[in-house]
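The values are calculated or read from the model by the stated rules, or taken from the named source; none is laboratory data. Since the model is a prediction, treat every value here as computed from it, not as a measurement. Every residue, glycine as well, gets a Cβ built from its backbone with ideal geometry; the counts of neighbours run over all protein chains shown. With ligands, DNA and RNA removed, areas are computed over all heavy atoms of the protein, side chains included. Shrake-Rupley method; radii C 1.70, N 1.55, O 1.52, S 1.80 Å.
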Amino acid sequence: MDVDAVPSLSNGQRRKLTTILSIDGGGVQGIIPTIVLAFLEEQLQELDGEEARLADYFDVIAGTSTGGLITLMLTAPNQNNRPLYDAKDLLPFYLENCPKSTFPQDRGRFGQIASFVKSMTGAKYNGRYHHETHKQMYKETRLNQTLTNVVIPTFDIKLLQPVIFSSYRIASNPSLNAKLSDICIGTSAAPTLLPSHYFENTYGDGKTREFHLIDGAVVASNPTFMAISEVTRDIMKEDSDYGCIHDKLLVISVGTGSTRNDYKFNAKKAAKWGILSWLIKGGSCPIINCFCEAGADMVDYHNNVLFHSHRCQDRYLRVQDDSLTGVVTSADISTKENLENLVKIGQELFKKPVCKMDLETGLLQPEPHLGSYSDALTRFAKQLSDKRKYRRGNISS
């Protein structure tokens, strides 16, 4: 494929096309998607003017954990009923708030010891400033007020089942129409790092539902397939004979970086591990790492197979860097140096060739004919722009 070419869409395709943006979880690694999304929004503004915002172009935005925070910042309305945050403002927010309110760092050797002791007896961070920040941001705004559909997973530790805060489910399950601040705090309540989140939601005629939430990454570290499932459920309600959905989607899935190449684990070592080693080894948590990597990869694998089988692989883009090593693989180290390194990783990602998962090995392999990630995002921006113009009646072919 010519890297400058944009696959043309007929009027019928544009009419049926559903656009999805999905953002992975990953703590401070959320810095990487903030840079990717700022670039995408900038491309849309070059096509359609400086007032263009991501929420104008996507039928649904899904995010888990730190991706859920980004999702709500992009879709919550301000006083003018426009997105609370422009994509270019996401990075400054992370750089300011990660070290100050979300993951404040204990300094020096004694600080590290104190941090370790805290993590053994409770959440590593108390979450107080994190909670207040988001309560002040969203105030009384609720799920049904977002500017486009959103899908944000959490896990109810009392019920031991996922709770999906989805715009598509509010009508049939009004108890999900919670405050955005509670959804935000719930989906980012990473076990061992931040405390679980309890709240009561009053809805309908004074009915009340309790929620006991932990991090959405427990349900889906990569929420792309969850977003596709919500869209499918919604369409099937109206047309049970709709057929396969994948050839009617345009999907951008943004990762927060993969750490697999940095681990020094192997079966000989793991065979000797007990509970403590599976929880803490080499400065990380092997069992959580395994679940998160496997979950994200299986979603990408599944999407690659289905989009390819319906010959619409040009409508699915996974933006991911699997070469992270060292401190940048941590979800909560918010030192100035680490945050700056994450910024560099995000900026350098644009120059890298688009990679697709090798369905035999599961590894990401460069696809030179697709150009760089900046090329791909520019192509997708054109398709998003064309689709929006068609819906608004500004395009005829």
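List every residue whose amide H lies under 5 Å from the amide H of LEU250, counting only residues 5 or more places away in sequence or on a different chain, with H placed 1.01 Å from N in the peptide plane.
THR18, THR19, ILE20
Which whole-number percentage describes the relative contact order of the range 127-171, with Cα contacts under 8 Å and a sequence gap of 6 or more?
Once normalised by length, the contact order is 31 percent.
Search the structure for amide H atoms under 5 Å from the amide H of LEU364, placed 1.01 Å from N in the peptide plane, and list their residues when 5 or more places away or on another chain.
Those lying under 5 Å, H to H, from LEU364 are ASP358.
What length, rounded to one decimal in nm, is gained on full extension from GLN347 through to LYS100, with 0.36 nm per residue of separation minus their alpha-carbon distance?
This chain segment gains 86.6 nm when fully extended.
Order LEU176, LEU359 by their accessible area, 1.4 angstrom probe, all chains in place, largest first. Numbers along the way, then the final one.
Working: LEU176 5, LEU359 75 Å².
Descending order: LEU359, LEU176.
Counting helices only, and only those DSSP H runs with n ≥ 4, report the 222 nm mean residue ellipticity of the chain as the sum of -39,500 (n - 2.57) divided by its residues, in deg cm²/dmol to the nearest 500. Let's see the in-between values first.
Details: 13 runs with 156 residues, N = 397.
The helix-only estimate for the chain comes to -12000 deg cm²/dmol at 222 nm.
Could you rank PHE155, PHE211 by how accessible they are, 1.4 Å probe, largest area first?
PHE155, PHE211
State, as an integer percentage, the relative contact order of the range 345-397 based on alpha-carbon contacts under 8 Å between residues 6 or more apart.
Numbers: 41 pairs, mean separation 14.3, N = 53.
The normalised contact order for the range 345-397 reaches 27 percent.
Calculate the length of the line joining the C-alpha centroid of the range 134-154 to that of the range 56-70, in whole Å.
Cα centroid to Cα centroid, the span is 11 Å.
Averaging sequence separations of C-alpha pairs under 8 Å and six or more residues apart, then dividing by the length of the chain, give the relative contact order as a whole percent.
On the way: 706 pairs, mean separation 94.4, N = 397.
It comes to 24 percent, rounded to a whole number.
Report the Cα centroid-to-centroid distance between the range 279-317 and the range 17-36 in angstrom, as an integer.
When both Cα centres are located, 14 Å separates them.
What does the charge count near GLN320 come to, summing +1 for each Lys or Arg and -1 for each Asp or Glu among other residues with Cβ under 9 Å from its Cβ?
So the surrounding residues net to -3.
Using only Cα atoms, locate the centre of the range 349-397 and the centre of the range 158-203, then give the distance between them in Å, rounded to an integer.
Each part reduced to its Cα centre gives a spacing of 32 Å.
What three numbers, in Å, describe the spread of the alpha carbons of the range 259-387 along their principal axes, ordered from the longest?
Result, largest extent first: 54, 38, 24 Å.
Calculate the spin-label point distance for LEU160 paired with THR335, positioning each point 7 Å from the Cα along the beta-carbon direction, and give it in nanometres.
4.1 nm
Send over a whole-number figure in Å² for the accessible area per residue of the range 142-280, probe 1.4 Å.
46 Å²
Can you pull the one-decimal nm distance between simple spin-label points at GLU360 and PHE265, each 7 Å off the Cα toward Cβ?
Inter-label distance under the simple model: 2.6 nm.
How much accessible area per residue does the range 304-397 have, counting only protein heavy atoms and a probe of 1.4 Å, in square angstrom?
49 Å²
So, taking all protein chains as they sit and a 1.4 Å probe, how much accessible area belongs to LEU21, in Å² rounded to tens?
Around 0 Å² of this residue is reachable by solvent.
Just reorder LYS158, LYS352 by solvent-accessible area, largest first, 1.4 Å probe, all chains present.
So, going from the largest accessible area down, we get LYS158, LYS352.
If ligands, DNA and RNA are left out, what is the accessible area of GLU340 with a 1.4 Å probe, given in Å² to the nearest 10?
Counting only protein heavy atoms, the figure is 90 Å².
In the chain, if the dipole is taken from +1 on Lys/Arg beta carbons and -1 on Asp/Glu beta carbons about the Cα centre, which of TYR198, TYR316, ALA294 is farthest to the positive end?
TYR198
Within the accessible area of the chain, what % is carbon and sulfur when the probe is 1.4 Å and the other protein chains stay in place? Walk me through the numbers on the way to the answer.
Details: 9670 of 18460 Å².
That share works out to 52 percent.
Looking only at ARG142, ARG233, ARG53, which one moves most when the chain is put into a Gaussian network model with springs between Cα atoms under 10 Å?
Per the Cα network of the chain with a 10 Å cutoff, ARG233 tops the list.
Which one, ILE345, ILE20, ILE275, has the greatest fluctuation when you compute a Gaussian network model over the chain with C-alpha springs under 10 angstrom?
Of ILE345, ILE20, ILE275, the Gaussian network model singles out ILE275 as fluctuating most.
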